[in-house]
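Trainee: The structure that follows is given in the form of structure tokens.
The values are calculated or read from the model by the stated rules, or taken from the named source; none is laboratory data. Everything numeric in this text was worked out from a predicted model, so none of it was measured. Neighbour counts run over all protein chains shown; Cβ positions are idealised from the backbone, glycine included.
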Amino acid sequence: MQERTIIISSRELVDYTVLSRKKNELLFKKDLLMRSGAKEGDLHLKTIQEELKSVEEKLAPIAEKLEIADMVTLVPNRKEIEEYTRQINSHSRAELEQAVRTKSGSLYELMKKRAEIVKRNYEKREEIARLTIFLNTIPRKEAEALRQIIEENEGPDVDVSFLPKEKQQELVNLAARLGRNCMIVSGSFSLDKKKADFAELRPTDEVQRNIGGKIVWVEASKAGEFDANEKLIGELLAKIQAKAAEKQARELSEEESVYFEKIQKDYLEALKKRSQLVPDFDAEKTAKVYTKQKPQ
């Protein structure tokens with residue numbers, strides 16, 4: 001029987017990260033209320049339980065998919081997080097609660113350092129998801145080697161000469177968005193600064209923009225044009241909404257109808273320009289991965 005394959009998307013990875021964090025926050029609040037004497041049926045506890053149920057229902061199908069997916073997973077600074085976790089878990093619950101309550105001591109400092117790394121990874125969830133998908137579209141040996149050096153920001157060069165130049169460029173761009181000073185040298189992905197003079201490909205000079213809570217990356221040379229277009233999109237959308245509200249209340253004149261059609265057309269053109277300036281603005285990356293083999 002052939003191994004079953006499944007499709008994993010960057011959106012699913014991002015949703016999993018967001019929902020998992022929300023679930024942990026709700027579980028913490030629930031535990032805190034219970035230890036503070038809350039009883040089943042209390043309004044605050046009931047609200048948290050209902051929200052927790054909703055989050056778990058959304059999380060379950062993605063978690064089930066990821067549970068069986070035999071995929072390369074990327075966690076920047078994984079070893080550092082694991083070491084902090086090991087040290088933190090060596091303490092008793094009472095010691096942990098004391099550290100949180102007093103916000104002082106060596107244990108609290110460990111918790112704070114781990115939290116800072118986890119927070120950075122959460123803020124970079126879109127970039128991590130895209131690079132994770134990328135790694136799962138290339139041969140496993142090279143994907144694992146790339147994962148290791150990108151996670152720890154050090155390690156030997158990895159041969160990627162089998163990838164087309166545009167895919168090599170995508171790789172260094174994605175890694176650079178995670179703060180990795182990388183390049184392609186002699187067909188290999190490298191973090192070695194000493195080889196900078198011999199780089200064949202370097203990350204595109206990009207700037208980050210936040211559009212309605214969504215992080216996008218724009219070529220630095222096009223940033224001004226992108227910003228002006230985003231301002232235009234906002235202005236046109238406001239005009240469209242205002243005119244649509246008028247149309248609900250009364251019949252528009254012929255002149256107003258022509259104007260309404262024009263601003264809608266202008267809005268679509270502005271959205272098209274946005275896609276041209278940032279080609280992957282709404283692109284969802286996917287990878288086909290095998291399911292994990294069950295033990296014989």
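Trainee: Filter region 126-153 down to the residues that are part of a loop (DSSP other than H, G, I, E, B) and on the phi < 0 side of the Ramachandran plot, then identify the one that is surrounded by the fewest Cβ atoms within 10 Å (Cβ to Cβ).
Mentor: In this case the residue turns out to be Pro139.
Trainee: Turning to a different aspect of this structure: Would you please name the residue that is surrounded by the fewest Cβ atoms within 10 Å (Cβ to Cβ), looking only at residues in region 154-166 that are out of contact with any Phe, Trp or Tyr (no Cβ under 8 Å at 6 or more places or on another chain) and not acidic (Asp, Glu)?
Mentor: Only one residue fits best here, namely Pro164.
Trainee: For region 160-167, state whether one or more residues are in contact with a strand residue (DSSP E or B) (Cβ under 9 Å, 6 or more places away or on another chain), free of Cβ contacts under 8 Å to residues at least 24 places away in the same chain and assigned to a helix (DSSP H, G or I).
Mentor: no
Trainee: Right, next: In region 197-219, which residues are of a type in the set (A, V, I, L, M, F, W, C), more than 14 Å from the chain's Cα centre (by Cα) and either under 30 Å from Asp159 (Cα atoms) or outside any strand (DSSP E or B) (or both)?
Mentor: Phe198, Ala199, Leu201, Val207, Val218
Trainee: Name the residue that is farthest from the chain's Cα centre (by Cα), counting only residues in region 67-78 that are assigned to a helix (DSSP H, G or I) and surrounded by fewer than 16 Cβ atoms within 10 Å (Cβ to Cβ).
Mentor: The qualifying residue farthest from the chain's Cα centre (by Cα) is Ile68.
Trainee: Shifting gears a bit: Cβ-Cβ below 6 Å, separation at least six or inter-chain, first residue in region 174-185 and within 13 Å of Asp205 (Cα to Cα), second at pLDDT 95 or above and assigned to a strand (DSSP E or B): which pairs?
Mentor: Pairs found: Met183/Ser190.
Trainee: Find the residue count for region 9-61, including only residues that are closer than 20 Å to Lys119 by Cα and in contact with a His (Cβ under 9 Å, 6 or more places away or on another chain).
Mentor: Here the count works out to 1.
Trainee: Next question. Can you name the number of the only condition in (1) part of a loop (DSSP other than H, G, I, E, B); (2) surrounded by fewer than 18 Cβ atoms within 10 Å (Cβ to Cβ); (3) not basic (Lys, Arg) that Tyr122 fails?
Mentor: Among (1) part of a loop (DSSP other than H, G, I, E, B); (2) surrounded by fewer than 18 Cβ atoms within 10 Å (Cβ to Cβ); (3) not basic (Lys, Arg), Tyr122 violates only (1).
Trainee: Continuing with this model, one more query. Taking Lys103 as the residue in question, decide whether it is more than 30 Å from Phe281 (Cα to Cα) and exposed (fewer than 13 other Cβ atoms within 10 Å of the Cβ).
Mentor: Judged against the criteria, Lys103 is a match.
Trainee: Let me ask something else about it. Are any residues in region 205-252 exposed (fewer than 15 other Cβ atoms within 10 Å of the Cβ) and among the polar types (S, T, N, Q), and if so, which ones?
Mentor: Across region 205-252, the qualifying residues are Gln208, Asn210, Ser221, Gln241, Gln248.
Trainee: Looking at (1) within 30 Å of Val18 (Cα to Cα); (2) in contact with a helix residue (DSSP H, G or I) (Cβ under 7 Å, 6 or more places away or on another chain); (3) assigned to a helix (DSSP H, G or I), which one does Ile240 not meet, given that it meets all the others?
Mentor: (1)
Trainee: Part of a helix (DSSP H, G or I) and touching a residue at least 40 places away in the same chain (Cβ under 8 Å) - does that describe any residue in region 98-105?
Mentor: No, region 98-105 contains no residue that is part of a helix (DSSP H, G or I) and touching a residue at least 40 places away in the same chain (Cβ under 8 Å).
Trainee: From the list Glu284, Glu254, pick out the single residue that is among the acidic types (Asp, Glu) and farther than 28 Å from Ile7 by Cα.
Mentor: Testing whether each residue is among the acidic types (Asp, Glu) and farther than 28 Å from Ile7 by Cα leaves just Glu254.
Trainee: I'm told Leu45 meets every condition in (1) touching a helix residue (DSSP H, G or I) at 6+ places or on another chain (Cβ under 7 Å); (2) surrounded by 15 or more Cβ atoms within 10 Å (Cβ to Cβ); (3) in a loop (DSSP other than H, G, I, E, B) except one. Can you identify the failing condition by its number?
Mentor: It fails just one condition, (3).
Trainee: Being farther than 30 Å from Gln293 by Cβ, crowded, with 16+ Cβ neighbours inside 10 Å and not charged (D, E, K, R) is the filter here, so list the residues in region 1-32 that pass it.
Mentor: Result: Leu26, single match.
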